[in-house]
1. When you go through GLY82, GLY41, GLY33, GLY54 one by one, which is the residue that is touching a residue at least 40 places away in the same chain (Cβ under 8 Å) and exposed (fewer than 10 other Cβ atoms within 10 Å of the Cβ)?
2. Among the candidates GLN120, GLN95, which residue alone is open to solvent by 70 Å² or more (accessible area, probe 1.4 Å) and either at pLDDT below 90 or out of contact with any Pro (no Cβ under 6 Å at 6 or more places or on another chain) (or both)?
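The values are calculated or read from the model by the stated rules, or taken from the named source; none is laboratory data. Computed from a predicted model, the values in this text were never measured in an experiment. Every residue, glycine as well, gets a Cβ built from its backbone with ideal geometry; the counts of neighbours run over all protein chains shown. These area figures cover heavy atoms from the full protein model, side chains too; ligands, DNA and RNA do not enter into them. Shrake-Rupley method; radii C 1.70, N 1.55, O 1.52, S 1.80 Å.
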Amino acid sequence: IDSRDAAAGIRRRRECLRCGLRFSTMERVQAAGLLVVKRDGRREEFNREKIRDGMLQACAKRPISSATIGKLLDDVERDLEGLGRAEVPSALIGQMVVERLRSQDHVAYVRFASVYHNFQDIESFAQEVESLRQTAIEGESITNTRGRQTEIQAQFSLPFNQEVPKYKRKVKGD
């Protein structure tokens, strides 16, 4: 019935020939086979769903809507297509996702980054959290109100830079 250009592709208004029901479809132009070069040198076809699944896991139980995740994913895909290259290293895709998650939600960022950066121990994980805490608090204290600072503190409530209390185990007869 009607076709319009949209940011994510082409929106078409259609009508079912059998029942007359009207509905909309979105069509995206599919890039000509973008290949992802893995760390070990293997190449595989770009799979939007793999990135989406990783982002969904990182954003689990966080206040991020699926629409927001879809928009972030669209941004990553559009940037990759804009590079005009047939092959893209997986590290570049990971970096694009990490940057977008960092600006969206700090906990989701740390979750995704822990897999992407392949943290080997708790110290490297703690360093990343502390680095994010410092940059977030420094940047937020200038531009935002006190309420936003409280939200940032709540996202970083793990006491990485404090002594963890030792608990004594009760033994029968004490």
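1. The unique qualifying residue is GLY33.
2. None of the other options fit; the residue is GLN120.
Yes or no, residue by residue, for (1) within 13 Å of the chain's Cα centre (by Cα); (2) of a type in the set (Lys, Arg); (3) at pLDDT 90 or above; (4) within 23 Å of ARG111 (Cβ to Cβ):
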{"residue": "ASP2", "(1), (2), (3), (4)": "no, no, no, no"}
{"residue": "ARG14", "(1), (2), (3), (4)": "no, yes, no, no"}
{"residue": "LEU34", "(1), (2), (3), (4)": "no, no, no, no"}
{"residue": "VAL37", "(1), (2), (3), (4)": "no, no, yes, no"}
{"residue": "ARG43", "(1), (2), (3), (4)": "no, yes, yes, no"}
{"residue": "ALA67", "(1), (2), (3), (4)": "yes, no, yes, yes"}
